Amino acid sequence: MGDHAITHCVPRLKKVVDGEQGGITEDVNWQGGGGFHFYKLGESIFDEEGKINPSVRFRTLAAHVWFTETHTPLEIRSKKASPLLGVHNGIAYYLLYNGILGDKSKDGGNVLTGKILASLPPYQGQKVIYGELTTFNSQRLARENIIFKQVPYDIKAR
C-alpha cells in the first residue's frame, strides 16, 4: 500500500532475486533466484466512517458479502452480474445494490418488495437477501424463507 511499495519495495525485491550483493547477502551466501508476486489493492470497500465507499461497484461488494457469509471466494461465471450471488450449503445469497436489477435510479431495485422478489432468480430453499430496506414484515419473511440483511449495517468489515 502506498507509493513506497512501487518506489522502494519492488526495486529491492528485484535486486534480491537477481542476486545483488548487499545487505546480508554475503553473510547468508545468497546467490539470487526465486521470485515474487506484486498485487495492487483495489478501492477500500468501507470509508473512514465505516460506510460503504461510494466508488464501490456491485461485483466488489458482492465478492465481499459472499466471502464474509461463506468463507469462500466468489466464482463469477457470467459477464452479466446477477443479484443471486450463488448457493452455498443449501442457502442462496442475494445482493440488491447499485442498480443490479437494471433500474439505475438512486433507490431502484435496492428495496425488497413483492415485485422485486418475483423478479429475482428463484430458489426454493433458505435465502439471505441483502438490500437497503424491505417492505416485508417478519411473518412474510419467514413464509418466504428469507433472512433479510440491511445494507450497509449488516455488512461486516471483518
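Here r is the Cβ-Cβ distance between residue 88 and residue 115 and R0 is 30 Å; the resulting FRET efficiency, rounded to 0.05, is 0.70. With N set to the number of residues, divide the alpha-carbon radius of gyration of the chain by 2.2 N^0.38 Å and report two decimals. Scaled against compact globular proteins, the figure is 1.48. When the Gaussian network model of the chain links Cα atoms closer than 10 Å, the mean-square fluctuations of 28, 128, 111 top out at 28.
How much FRET efficiency would the formula 1/(1 + (r/R0)^6) give for residue 67 and residue 31, where r is the Cβ-Cβ distance and R0 is 41 Å, rounded to 0.05? Before the final figure, lay out each step's value.
Working: r = 40 Å, r/R0 = 0.97.
Here the calculated transfer efficiency is 0.55.
Couplings 3J(HN,Hα) for the range 139-148, derived from phi with the Karplus relation 6.51 cos²θ - 1.76 cosθ + 1.60 (θ = phi - 60°), are 5, 5, 4, 5, 5, 7, 6, 10, 9, 9 Hz, where x marks Gly and Pro. Extending 7 Å from Cα along the Cβ direction at residue 44 and again at residue 4 yields two label points whose distance is 1.7 nm. Sparsely packed loop sites in the range 1-104 (the chymotrypsin sites (Phe, Trp or Tyr not before Pro) outside DSSP H, G, I, E and B with at most 14 other Cβ atoms within 10 Å) comprise 36, 38, 39. Taking label positions 7 Å along the Cα-Cβ direction at both residue 153 and residue 137, the computed distance is 1.9 nm, reported to one decimal.
Under the classification rounded if a/c is under 1.5, otherwise prolate if a/b is larger than b/c and oblate if not, where does the range 58-150 fall, given a ≥ b ≥ c as square roots of the Cα gyration tensor eigenvalues? Because a/c hits 1.5 or more and a/b fails to exceed b/c, the range 58-150 counts as oblate. If I build a Gaussian network model for the chain, linking alpha-carbon pairs within less than 10 angstrom, which residue out of 60, 70, 25 has the largest mean-square fluctuation? Highest fluctuation of the listed residues: 25.
Read the figures in this text as sums done on the coordinates, not as results from a lab. Quick caveat, the model's predicted, so the values are computed rather than measured. FYI the Cβ positions are ideal-geometry reconstructions off the backbone, even for glycines, and counts take in every protein chain you see.
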